[in-house]
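Bear in mind that the values in this text are calculations on the coordinates, not laboratory data. Given the structure is predicted, the values throughout are model-derived calculations rather than measurements. Every residue, glycine among them, receives a Cβ derived from its backbone with ideal geometry; neighbour counts consider all protein chains shown.
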Protein chains: 2
Amino acid sequence: MKKSILFIFLSFSIGMSAQTDSAMIASIYQEALVNGECYENLRVLCKDVGNRIAGSKNAERAMEWGVRVMKGYALDSVYTMPVEVPHWERGKKEVGCYASKKSNECFDIVALGGSVGTDNAINAYVIEVKSIQQLRDLPEEKVKGKIVFFNKAMDPMLINTGAAYGGAYDIRSDGPSEAAKKGAVGCLIRSLTLADDKFAHTGGTQYQDGVTKIPAAALSSVDARLLSQALVKDNELLFTLHLTCKLFPRVMQGNVIGEIRGSVHPEKVIVVGGHLDSWDVGEGAHDDGTGVTQSIEVLRILKTIGYKPKYTIRAVLFMNEEFGNDGGETYARVVKEMNEEHIAAIESDGGGLTPQGFNLQGNEKQLAQLQSWAPLFEPYQLFRFKPGWSGVDIGPLKNDTIGLYGLSVDSQRYFDFHHSNNDIFENVNKREHTLGAAAMAGLVYLIDQHETSK
Amino acid sequence: MKKSILFIFLSFSIGMSAQTDSAMIASIYQEALVNGECYENLRVLCKDVGNRIAGSKNAERAMEWGVRVMKGYALDSVYTMPVEVPHWERGKKEVGCYASKKSNECFDIVALGGSVGTDNAINAYVIEVKSIQQLRDLPEEKVKGKIVFFNKAMDPMLINTGAAYGGAYDIRSDGPSEAAKKGAVGCLIRSLTLADDKFAHTGGTQYQDGVTKIPAAALSSVDARLLSQALVKDNELLFTLHLTCKLFPRVMQGNVIGEIRGSVHPEKVIVVGGHLDSWDVGEGAHDDGTGVTQSIEVLRILKTIGYKPKYTIRAVLFMNEEFGNDGGETYARVVKEMNEEHIAAIESDGGGLTPQGFNLQGNEKQLAQLQSWAPLFEPYQLFRFKPGWSGVDIGPLKNDTIGLYGLSVDSQRYFDFHHSNNDIFENVNKREHTLGAAAMAGLVYLIDQHETSK
């Protein structure tokens with residue numbers, strides 16, 4: 001008898017709790033969709049600050065913007081955390097031209113992030129390969145003194161476009177060093193995009209230790225096809241590559257942080273974040289202006305609807321995800337030094353596109369809990385709650401107890417914008433962007449209410 | 001013993017069948033994503049033909065385009081089916097201006113489809129209401145001689161934006177007649193959109209029998225707000241409305257049809273379709289250039305991969321969904337007259353956006369079958385297989401046996417474009433559009449293989 005009374009009581013309280021959760025999540029979505037401010041904040045970041053590569057003046061202006069916006073929301077505290085970042089400058093707008101017996105053409109190219117410059121222009125023959133493996137299989141004399149052109153496309157059959165990016169990414173990260181090992185003097189890559197257009201996409205390259213640093217740039221997908229076609233007609237094709245980019249000494253910038261103090265466990269933290277830096281092209285709208293404005297919006301929503309969190313909710317706008325993850329590494333180091341317990345971190349860095357759910361890097365218990373919340377998110381068309389990638393910035397926080405969550409979005413358009421002049425405010429849809437912020441706020445609320453990992 | 005052998009055999013053949021289905025669907029997606037032509041076809045329809053309201057010269061050109069494209073794919077037959085359609089012309093670009101003691105302003109407005117013109121300009125005071133019910137509750141003297149301004153927004157909390165449209169749609173369809181019943185001389189509506197912008201959205205209005213036809217136009221969401229604010233400051237606000245639109249006698253145009261003849265049951269048909277007509281603004285890209293080009297692409301894909309369907313697969317480009325559904329009504333009538341059995345019809349008319357699954361109007365058995373295919377579509381991120389709305393054009397085919405399927409897509413951006421100058425080719429993403437065609441071809445294949453309704 002007692003047992004069944006307990007059961008009735010428990011069912012009742014679980015029922016009540018689900019009802020409260022459902023009502024709270026409805027309030028969160030209402031505030032986001034009716035009074036949302038993240039889209040207007042994004043407009044200001046994109047249009048008034050613009051792109052903001054770490055180490056640049058614009059990155060400093062972005063930090064000021066972040067402090068100003070969060071102070072405007074009267075959070076419990078807003079501050080910056082010093083982060084040392086690289087300082088690389090693109091220099092003049094790059095142009096790459098080829099000339100063969102059959103034709104000649106100039107392309108609108110972009111140096112890869114971190115590339116060395118060319119001093120004067122390089123003139124060299126081009127050898128095209130489809131992959132790093134194909135390059136490795138070539139005899140050195142075929143490559144020596146040439147520009148290696150990695151013409152590898154992202155696989156259109158991978159419906160998860162992040163996986164398609166992951167499958168082609170090596171030509172950008174390792175291509176230049178692999179080419180240098182064979183004696184190449186320069187490197188060109190087909191842009192990492194699924195679109196067939198004239199936008200060239202940059203992104204960081206990593207020179208390997210002890211390998212000659214050779215200049216490297218990306219061609220748009222259309223230009224990569226044109227170059228490949230020109231090589232078919234005449235493989236004695238001279239390419240002129242002139243890059244004026246340069247690496248300067250590292251500088252101090254910082255993560256921008258705002259928080260609502262926890263009412264029960266102020267010393268324990270739930271982080272929500274994205275990265276404030278972008279590449280130095282376009283406006284860094286989807287990558288990752290949307291993530292930082294959504295993270296700020298989570299705090300604004302929770303504060304506006306009068307929610308008093310048990311734990312400290314902290315928005316972190318990380319400085320320098322793109323070229324070394326200094327923001328994420330520094331944050332995790334400081335947290336460890338301060339012995340500050342983090343129970344969860346949520347990142348949005350897949351673009352301000354229609355949210356589909358959350359990926360989890362965590363344990364079985366966290367996964368079961370996340371999946372138990374699926375019905376609460378169903379009215380908002382979130383359906384994907386699976387183990388998976390969370391985010392670069394929050395990655396260094398990984399330990400045995402923290403749950404790392406990544407906002408999972410409809411990824412079909414993302415790589416059309418990513419790291420290119422096409423990543424501008426106009427290509428972000430207000431509703432898609434705002435729904436992501438609401439989903440993140442909903443998850444923060446649920447974790448704050450139901451945290452049981454300890 | 002026999003039983004278990006039968007069981008093993010059955011499991012084996014079911015396993016084999018699922019394997020074959022999975023491989024076929026992979027071929028379909030491969031063909032669509034690697035060699036897809038629907039996006040280029042859409043470009044030509046949008047840019048070379050342009051918008052194509054039924055009854056217009058452009059609608060005829062669109063029919064010619066449809067015949068030409070499908071003949072180019074060497075289908076078993078391509079033909080047109082005569083359809084009588086209305087002929088309404090917008091006339092000159094509309095402008096609506098207000099003047100009050102406090103301010104004056106002109107707005108870029110659009111007449112609602114089917115609206116009468118104003119002969120000369122109308123000058124009348126404006127009365128704002130939030131709904132038809134609010135209008136009904138007003139005494140006649142408050143409305144008589146005025147322009148009724150329906151300032152009703154779509155509900156942003158409805159994540160299914162089609163439902164939000166359905167909830168506000170009455171101001172466009174019934175608003176003018178309801179206003180006329182109270183003695184109003186004109187009608188303005190806030191555009192049916194979730195965006196906060198300057199695009200005015202048209203769409204058909206239905207005058208009720210025996211009620212005076214008054215001129216009606218839509219304001220953009222931003223202009224509706226401005227007008228409402230001006231009315232707060234001064235409710236003696238004169239609005240000048242000048243519409244030169246006009247209804248002409250009905251004309252003959254037609255549905256454009258292409259088919260691959262069935263190899264086993266040529267007399268039984270699976271239809272895949274969208275509507276060829278659009279409103280006379282923008283380019284009719286998402287509404288419904290994407291649906292017609294996807295429908296054609298389904299045939300192209302199946303033919304290219306060498307699939308021989310058991311049933312006849314027919315693409316129908318319906319003429320005039322927007323203003324009376326003549327294409328759909330005529331098609332269903334002709335099918336009935338010819339006693340032609342249709343086992344399924346699939347429509348795409350929700351925009352060329354990321355597909356999420358299919359809605360079904362059908363019976364329990366069809367629903368169970370559709371849901372049993374979910375695992376086959378999971379690799380392609382389709383997850384929604386539910387009872388729901390299929391499409392206007394195929395609706396008249398409804399009977400006790402047919403399965404009517406609607407491609408379900410991510411609807412967040414759709415009403416930003418719908419019926420406005422913003423519905424242009426550039427706002428369709430190639431990959432999102434193409435994935436819809438692949439999903440439709442996959443469903444056609446599965447129905448063709450596994451049809452068991454009879």
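Would you mind classifying region A:139-298 by shape? Square roots of the alpha carbon gyration tensor eigenvalues, ordered a ≥ b ≥ c; an a/c under 1.5 is rounded, otherwise it is prolate if a/b is larger than b/c and oblate if not. It comes out prolate by the Cα gyration axes.
At a Cα cut-off below 20 Å, give the lysines reachable from B:Lys336, other chains included and same-chain residues fewer than 8 away excluded. The qualifying lysines are B:Lys268, B:Lys398, B:Lys454.
Backbone amide hydrogens, once placed in the peptide plane, bring A:Arg384 within less than 5 Å of A:Gly357, A:Phe358, excluding anything fewer than 5 places away on its chain. The alpha-carbon of B:Lys246 sits under 14 angstrom from the alpha-carbons of these aspartates and glutamates, leaving out residues fewer than 8 places away in its chain: B:Glu89, B:Glu94, B:Asp119, B:Asp280. Lacking any other cysteine beta-carbon closer than 4.7 Å, the following Cys residues of chain B have no compatible partner: B:Cys38, B:Cys46, B:Cys187, B:Cys245. Of the residues A:Cys97, A:Val129, A:Val44, the one whose Cα sits farthest toward the positive end of the charge dipole of region A:39-138, with +1 on the Cβ of Lys and Arg and -1 on the Cβ of Asp and Glu, is A:Cys97. Over the C-alpha atoms of region B:253-295, the Rg to Rh ratio, Rh being the Kirkwood estimate, stands at 1.11.
Beta carbons within 10 angstrom, averaged per residue: use that to sort the peptides A:273-282, B:66-75, B:129-138, highest first. Please report the intermediate quantities before stating the final value.
On the way: A:273-282: 28.5, B:66-75: 17.5, B:129-138: 14.8.
The densest-packed peptide leads the list: A:273-282, B:66-75, B:129-138.
With a sphere of radius 14 Å drawn around the Cβ of B:Phe383, what net charge do the other residues whose Cβ falls strictly inside it have (Lys, Arg +1; Asp, Glu -1)? List each step's numbers first, then the result.
On the way: positive: A:Arg384, A:Lys386, B:Arg384, B:Lys386; negative: A:Glu378, A:Asp410, B:Glu378, B:Asp410.
Net charge around B:Phe383: 0.
Residues A:Met81, B:Met154 in ascending order of nearby Cβ atoms (within 10 Å, fewest first): A:Met81, B:Met154. Exceedance of the 27 Å cut-off in Cα-Cα distance is limited, within the set A:Lys308/B:Lys386; B:Lys102/B:Lys130; A:Lys101/A:Lys152, to A:Lys308/B:Lys386. Tell me which residues come under 5 Å, amide H to amide H, from A:Gln208 once H is placed; ignore anything under 5 positions away on its chain. For A:Gln208, whose amide H was placed from the backbone, the distant partners under 5 Å are A:Ser177.
For the protein assembly as shown, the residue among B:Ala195, A:His286, B:Ala163 whose Cα projects farthest onto the positive side of the dipole built from Cβ charges is B:Ala163. Using Cβ point charges alone (K and R +1, D and E -1), the dipole size of chain B about the Cα centre works out to roughly 260 debye. Backbone geometry of region B:141-156 corresponds, through the Karplus equation with coefficients 6.51, -1.76 and 1.60 at θ = phi - 60°, to 3J(HN,Hα) couplings of 5, 6, 10, 3, x, 9, 9, 8, 10, 7, 9, 10, 8, 5, 6, x Hz, x marking Gly and Pro. Close amide H partners of B:Gly403, meaning residues 5 or more places away or on another chain with modelled amide H under 5 Å apart, are B:Ala344, B:Ala345.
How large is the helix-only mean residue ellipticity at 222 nm for chain B, computed as the sum of -39500 (n - 2.57) over DSSP H runs with n ≥ 4, divided by its residue count, in deg cm²/dmol to the nearest 500? The partial results should precede the final answer.
Numbers: 15 runs with 163 residues, N = 454.
My calculation for chain B gives -11000 deg cm²/dmol from helical runs alone.
Is the shape of the protein assembly as shown best called rounded, prolate or oblate, per the rule: a/c under 1.5 gives rounded, else a/b larger than b/c gives prolate, else oblate, with a ≥ b ≥ c the square roots of the Cα gyration tensor eigenvalues?
Working: a/c = 1.43, a/b = 1.23, b/c = 1.16.
It is rounded, given that a/c, with a ≥ b ≥ c, falls under 1.5.
Report, in degrees rounded to the nearest 10, the 0 to 90 angle that the Cα long axis of helix A:430-450 makes with the longest principal axis of chain A. Relative to chain A, helix A:430-450 is tipped by roughly 50 degrees.
Taking the Cα centroid of region B:210-262 and of region B:331-389, what is the distance between the two, rounded to the nearest whole Å? Distance between centres, Cα-based: 32 Å. Note on B:Lys303: aspartates and glutamates with a C-alpha under 15 Å away, same-chain residues under 8 apart excluded, are B:Glu31, B:Glu37, B:Asp76, B:Glu259, B:Asp448. What is the sum of charges, Lys and Arg at +1 and Asp and Glu at -1, for the other residues whose Cβ falls under 15 Å from the Cβ of A:Gly166? Summing Lys/Arg as +1 and Asp/Glu as -1 gives -2. Mind checking which of A:Pro139, A:Ser173, A:Phe150 is farthest towards the positive end of region A:94-247's charge dipole, using Cβ charges of +1 (Lys, Arg) and -1 (Asp, Glu) about the Cα centre? Farthest towards the positive end: A:Pro139. Working note: Karplus 6.51/-1.76/1.60 with θ = phi - 60° gives region A:336-343 the couplings 5, 4, 7, 6, 9, 7, 10, 8 Hz, where Gly and Pro are set to x.
Tally Lys/Arg at +1 and Asp/Glu at -1 over every other residue whose Cβ is under 13 Å from the Cβ of A:Gly175; what's the total?
Details: positive: A:Lys130, A:Arg136, A:Lys152, A:Arg172, A:Lys181, A:Lys182, A:Arg190, A:Lys213; negative: A:Glu128, A:Asp170, A:Asp174, A:Glu178.
Summing Lys and Arg as +1 and Asp and Glu as -1 gives +4.
Is chain B best put as rounded, prolate or oblate by its Cα gyration tensor, with a ≥ b ≥ c the root eigenvalues, rounded for a/c under 1.5, and otherwise prolate when a/b is larger than b/c, oblate when not? Walk me through the numbers on the way to the answer.
On the way: a/c = 2.33, a/b = 2.04, b/c = 1.14.
Judged from the Cα gyration tensor, chain B comes out prolate (a/c at least 1.5, a/b above b/c).
Phi angles across region A:237-254 convert, under the Karplus curve 6.51 cos²θ - 1.76 cosθ + 1.60 with θ = phi - 60°, into 3J(HN,Hα) values of 10, 8, 10, 9, 10, 10, 10, 10, 6, 7, 9, 10, x, 5, 10, 8, 10, x Hz, Gly and Pro given as x.
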